[in-house]
Every structure is written in structure tokens, then in C-alpha cells.
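Here the structure is laid out as C-alpha cells; the discussion comes afterwards.
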Amino acid sequence: MRNLKKLALASGASAILAVMALTGCDTMHHDSGDRTAGRALDDKHISMNVQTKLKDEPVYKFSDVDVKTFAGVVQLSGFVSSNEQKNRAGELAQEVDGVQRVVNNITLKPNSTGLSATGRTNDLNQPNRSNQ
């Protein structure tokens with residue numbers, strides 16, 4: 001009879017632990033707008049995989065691109081030198097398993113000199129007026 005009580009108690013405790021393991025983490029530690037721990041982990045893996053894919057791209061360098069993922073939606077931000085690079089980064093991100101959608105917020109870098117021509121330029125074909 002004692003063994004039967006111990007068995008019933010152990011079975012009941014196991015059932016409670018199983019229910020808590022399956023639902024407790026999900027309901028106790030997040031609000032309705034937050035991700036579950038599993039979803040957050042999936043998003044972290046997606047971000048890492050996108051970053052790896054961008055880093056391994058043989059044609060373009062994406063050192064100034066940041067990757068964030070929320071619920072399978074990947075957001076790319078940062079700077080690149082051309083529209084081709086921006087589009088390629090979006091294509092690479094979309095190819096990663098688990099990506100639902102890509103939001104490409106990458107911005108083109110300003111021209112390398114940062115200066116634009118203003119005023120008069122020296123034209124070598126014009127005679128130098130100071131020598132006249």
C-alpha cells in the first residue's frame with residue numbers, strides 16, 4: 001500500500017512538472033506582445049545566419065550592415081556604397097531559412113569626398129588673366 005501511495009505521488013508530481021514545462025515558461029515570463037523564449041532563440045539564430053551569409057558574400061563587403069530579427073522578420077540597417085549592394089544584402093537575407101520577410105533599411109554612403117563642387121573651377125583652356 002505504501003509503494004502505491006509513493007507511485008501515485010510521484011506520478012502526480014511528474015504530471016505537474018510536465019504541464020509547467022510545457023506551458024509555464026510560455027505564460028509566466030512574457031506579455032502578449034513579447035516573444036517566447038523559443039521564438040527569441042530562433043530569431044537570434046536567424047540573425048546570426050544572415051550575418052554569416054553577408055560576411056561570406058564574395059563580391060560585396062557588408063561590414064557596416066546591422067541585422068536584427070523579430071518573429072522571423074529581418075531588419076537590415078547600416079550603410080553600403082551602391083544600390084546593387086543594398087539589393088544583394090536583401091536577397092541574401094531572404095535566402096536564410098526561417099526568414100518570413102526582409103525590411104531593408106540600408107542607406108547609401110555619401111560620396112567618398114563628402115564635398116560637392118561650388119563656385120568657379122580652374123579651366124586650363126582659359127588664358128590666365130593675371131599675366132595680361
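For region 49-66, which residues satisfy the criterion of being under 12 Å from VAL99 (Cα atoms) and either aliphatic (A, V, I, L, M) or in a loop (DSSP other than H, G, I, E, B) (or both)?
Of everything in region 49-66, just one residue is under 12 Å from VAL99 (Cα atoms) and either aliphatic (A, V, I, L, M) or in a loop (DSSP other than H, G, I, E, B) (or both), namely VAL50.
Across region 64-90, which residue is surrounded by the fewest Cβ atoms within 10 Å (Cβ to Cβ) among those that are over 13 Å from the mean Cα position of the chain (by Cα) and farther than 17 Å from ASN111 by Cα?
ASN87
Every number in this text was worked out from the coordinates using simple rules, so none of it is lab data. Just so we're clear, the structure is a prediction, and the values are computed from it rather than from any experiment. Cβ sites come from the backbone with ideal geometry, for glycine too, and all protein chains shown count toward neighbours.
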